[in-house]
Amino acid sequence: MSGHPEAAARFVADDAKAHWHDQSLWWVRKKRDAAAATVPDWEALRSAAARIKEHTLGRLADYLEEFEKNAVRSGAKVWFASDAAEHNAIVHRILAERGITRLVKSKSMLTEECHLNPYLEARGITVTDTDLGERIVQLRHEPPSHIVLPAIHLKKEEIGELFHGELGTDKGASDPKYLTEAARQHLRRRFLEAGAGLTGVNFAVAATGGIVVCTNEGNADMGTALPPVHIACMGVEKLVPRLEELAVFVRLLARSATGQPVTTYTTHFHGPRPDGELHIVVVDNGRSAQLANDTFRRSLSCIRCGACMNTCPVFRRSGGYSYGFVVPGPIGSVLAPGRDVGAHRTLPFASSLCGSCSDVCPVRIDLHHEILAWRQEIVRRKLVPVWKRAAMRLLAFILRFAFLYRLGAWLVRRMTPILPRAIVYSRWNVWGRQRELPPMPRRSFRALYRSRHGRA
Amino acid sequence: MKVGLFIPCLVEQLYPQVGMATLRLLERYGVRVEYPEAQTCCGQPMTNSGCSADARPLARKLLKLFGGYDYVVAPSGSCVSMVRNHFDELLGGEPGLDHLRRSTLELCEFLVDVLKVPTPSGRFPHRVGLHESCHGLRELRLGSGSERRVVAFNKVRSLLAGLEGIDLVAPARDECCGFGGTFAVNEEAVSCMMGKDRIADHERAGAEIITGADVSCLMHLEGLIRRARRPLRVMHVAEILVEAS
């Protein structure tokens, strides 16, 4: 079975690049620490956000109705999609009915989740991702490797080479400013040609029917200001009750994500612009099932800041692709098995359970406990190899009886030092590939304790 | 005050000197310690591998052996976290469980929070790097941790800092060493890279000794250090506190 351990081992094998990836993301984590330190009562703000999410998710149906009513009143058309297929069909229908063949997109993890791009491209629509990192991975025919920093796995030299082939930049050029300018000129043409602009949604406000899009590059604003049709796609969990609650999340989002006090652009859309159209597609795609699950409900609070990825010592050293799911890292390891536990059964084990993710999460999702809960679920569903399960059972049996445990441990301690190294460190000893086994003392603590207290 | 000494399996079998140091340290502060000899393991390896049903009989055994003490003290943050944070899922509602969960403490937090020991006496003229094991740090809150914006504190460090002549070096990160129980074998490549990165961080900070409050992390780091023949030593906090006096 190929899963996270194998993909991670391939990533680690390129030691220099794995370290570069680790250090780049740790730098973002440190920026996050510094930004959080500028907010008095950061921890209280996190608690407030967690409570607002809990409240909103607890009466989601009511807030969705309120949002729809207010959005329609402001002139938007609201669509509901129960799954990815319905979402894709709705977007395609909006475009097809208007004869639109060119779509510009700004970053939306939801459309990645629904695999919208290949769906539209197969139906003759040219889709251009306009976020720089997204455009880079799109030109490479790759998915994003990180939800906030989609091209974080690439070095500027690799991007220079890509742009030389795709956009005609000078061979060997890797100056970020030069490459970015080339991308801007290229994207500008796409913006002008587009018949519609599609954006994600960071937050939707029930009380106003407004949606909020947070970006740094202004591409969402360009993509909604030039073409006459704006399609905004959101998961049902993006709702907040009122503007007052929105403020809590705006303070947390960019600080947690990139260490900025706020994203460069925080755009509020209330209805279409004059002579334009605004379509809001609200998607379930498994979220109701997640909401109904007491153990994993809290992970639905995720605001997609990526902080858990930047702090995760495993993610930083294994890369986003090792997770094989649209959302990688700790939150991905909770969400992915919720979609298909068989396909993603190695993800909850791709964690040392260090708990750093839970402590950076701006909405206080108890990520490492949910990861641990998935492990129980995966064993319950018999999705771990039989020999692993049997080994744990045997160990547990031995540990129930003190004499068996002592006998077994005594044998290991006495035998290991006298066996030839070639046997002890055979290829079956995974621990010993890069590590020495612990020293095998002749006497256990119990033996030392007994002789100290004058017992045999 | 009746204190039960909880010696986790790794300490009992592989690092008995850490158990002895814990015992001497507690006795030095006048604590009457009992060691229930029938103890084996808290069940953490099973729970962390998803086999919590297998851990239940072990948890029940531990409750039976240690339920009658005022305090249960162990030189291991992760085993204490198992009792405090996960026994509830295994034995919820069993009589005595709440008392056991409240009274089970990691060695350093027992010294700081219960005995309220003044600055420990002794001299330890070495450059020491403190590895803050994750379960101690983030499950038991032995320290504030770099993630949270709270008033900085560190119970393990505060004990070591009181020793004469000690030079507590400052590694750049307080990140996981990569042990993680079965993770060390399941995800061998990432686990070892994490461990090597921790060691390099401590070396850059100038440490000659890496210490910590969990032998499992130290076992992993020591295994990497010995294979790479690095000139670093690994010691449990209890060993340093005893050796210093």
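The values are calculated or read from the model by the stated rules, or taken from the named source; none is laboratory data. In this text the structure is predicted, and so the values were computed from the model without any measurement. For neighbour counting, all protein chains shown are included, and Cβ atoms are generated from backbone atoms with ideal geometry for every residue, glycine included.
Some points to look at:
- The lone criterion from (1) in contact with a Ser or Thr (Cβ under 6 Å, 6 or more places away or on another chain); (2) free of Cβ contacts under 8 Å to residues at least 40 places away in the same chain left unmet by A:SER356 is number (2).
- Meets criteria (part of a helix (DSSP H, G or I), more than 24 Å from the chain's Cα centre (by Cα) and among the hydrophobic types (A, V, I, L, M, F, W, C)) for A:ILE90: yes
- Some residue of the range A:341-357 being in a helix (DSSP H, G or I), within 7 Å of chain B (Cβ to nearest Cβ) and out of contact with any strand residue (DSSP E or B) (no Cβ under 6 Å at 6 or more places or on another chain): yes
- Odd one out for B:CYS134, checked against (1) surrounded by fewer than 24 Cβ atoms within 10 Å (Cβ to Cβ); (2) modelled with pLDDT of 95 or more: (1)
- Criterion: within 13 Å of another protein chain (Cβ to nearest Cβ), out of contact with any His (no Cβ under 7 Å at 6 or more places or on another chain) and among the aliphatic types (A, V, I, L, M) - qualifying residue of B:LEU168, B:LEU142, B:LEU159, B:LEU241: B:LEU142
- Neighbours by Cβ (under 7 Å, 6+ apart or cross-chain): first from the range A:438-451, under 18 Å from A:THR416 (Cα atoms) and not assigned by TED's automatic domain parsing to the domain that holds A:ARG413; second polar (S, T, N, Q) and assigned to a loop (DSSP other than H, G, I, E, B): none
- Candidates B:ALA21, B:ALA59 - the one that is modelled with pLDDT of 95 or more, surrounded by fewer than 24 Cβ atoms within 10 Å (Cβ to Cβ) and closer than 28 Å to A:PRO438 by Cα: B:ALA21
- Residue check, A:ALA7 among the small types (Gly, Ala, Ser), in the same structural domain as A:PRO337 (by TED's automatic domain parsing) and farther than 17 Å from A:HIS146 by Cβ: no
- Qualifying residue in the range A:384-402 (condition: surrounded by fewer than 13 Cβ atoms within 10 Å (Cβ to Cβ) and assigned to a loop (DSSP other than H, G, I, E, B)): yes
- Filtered residues of the range A:36-93 (kept if of a type in the set (Ser, Thr, Tyr), farther than 21 Å from A:ARG297 by Cβ and surrounded by 14 or more Cβ atoms within 10 Å (Cβ to Cβ)): A:SER74
So that you can scan it fast, the table gives a plain yes or no per residue for (1) of a type outside the set (A, V, I, L, M); (2) assigned by TED's automatic domain parsing to the domain that holds A:LEU246; (3) within 30 Å of A:ALA257 (Cβ to Cβ):
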| site | (1), (2), (3) |
| --- | --- |
| A:CYS357 | yes, no, yes |
| A:ILE365 | no, no, yes |
| A:ILE371 | no, no, yes |
| A:TRP374 | yes, no, yes |
| A:LEU394 | no, no, no |
| A:ARG400 | yes, no, no |
| A:LEU407 | no, no, no |
| A:TRP410 | yes, no, no |
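- Residue among B:VAL3, B:VAL18, B:VAL72 that is closer than 20 Å to B:SER216 by Cα and away from chain A (no Cβ under 13 Å): B:VAL72
- Of the helices (runs of 4 or more DSSP H) that lie entirely inside the range B:98-216, those containing 3 or more residues that are hydrophobic (A, V, I, L, M, F, W, C) and without any contact (Cβ under 8 Å) to a residue 24 or more places away in the chain span B:188-204.
- Hits in the range A:4-40 - residues which are more than 8 Å from every other protein chain (Cβ to nearest Cβ), at pLDDT 95 or above and part of a loop (DSSP other than H, G, I, E, B): A:ASP14, A:THR38
- Qualifying residue in the range A:428-440 (condition: at the interface with chain B (Cβ under 7 Å from one of its Cβ atoms), closer than 30 Å to A:ARG46 by Cβ, crowded, with 17+ Cβ neighbours inside 10 Å and of a type in the set (A, V, I, L, M, F, W, C)): no
- So A:VAL412, is it touching a residue at least 12 places away in the same chain (Cβ under 8 Å), away from chain B (no Cβ under 11 Å) and more than 27 Å from the chain's Cα centre (by Cα): no
- Hey, B:GLY181 modelled with pLDDT under 95 and small (Gly, Ala, Ser) or not: no
- Of B:GLY136, B:GLY129, B:GLY67, B:GLY122, all but one fail to be within 14 Å of chain A (Cβ to nearest Cβ) and touching a helix residue (DSSP H, G or I) at 6+ places or on another chain (Cβ under 9 Å); the exception is B:GLY136.
- Yes/no for A:ARG255 being in contact (Cβ under 8 Å) with a residue 12 or more places away in the chain, assigned by TED's automatic domain parsing to the domain that holds A:GLU113 and surrounded by fewer than 17 Cβ atoms within 10 Å (Cβ to Cβ): no
- Hey, A:CYS305 under 12 Å from the mean Cα position of the chain (by Cα) and either within 11 Å of chain B (Cβ to nearest Cβ) or farther than 24 Å from A:ALA35 by Cα (or both) or not: no
- Subset of the range B:24-45 that is more than 9 Å from chain A (Cβ to nearest Cβ) and crowded, with 23+ Cβ neighbours inside 10 Å - its residue that is nearest to B:GLY181 (Cα to Cα): B:GLN44
- No other residue among A:SER444, A:SER451 is out of contact with any helix residue (DSSP H, G or I) (no Cβ under 8 Å at 6 or more places or on another chain) and either at the interface with chain B (Cβ under 7 Å from one of its Cβ atoms) or at pLDDT below 95 (or both) apart from A:SER451.
- Candidate set from the range B:223-237 (those that are within 22 Å of the chain's Cα centre (by Cα) and more than 7 Å from every other protein chain (Cβ to nearest Cβ)); member that is surrounded by the most Cβ atoms within 10 Å (Cβ to Cβ): B:VAL237
- Every condition in (1) touching an Asp or Glu at 6+ places or on another chain (Cβ under 8 Å); (2) basic (Lys, Arg); (3) surrounded by fewer than 23 Cβ atoms within 10 Å (Cβ to Cβ) is met by B:LYS196 except one, and the failing one is (1).
- Some residue of the range A:48-60 being away from chain B (no Cβ under 11 Å) and farther than 19 Å from A:GLU237 by Cβ: no
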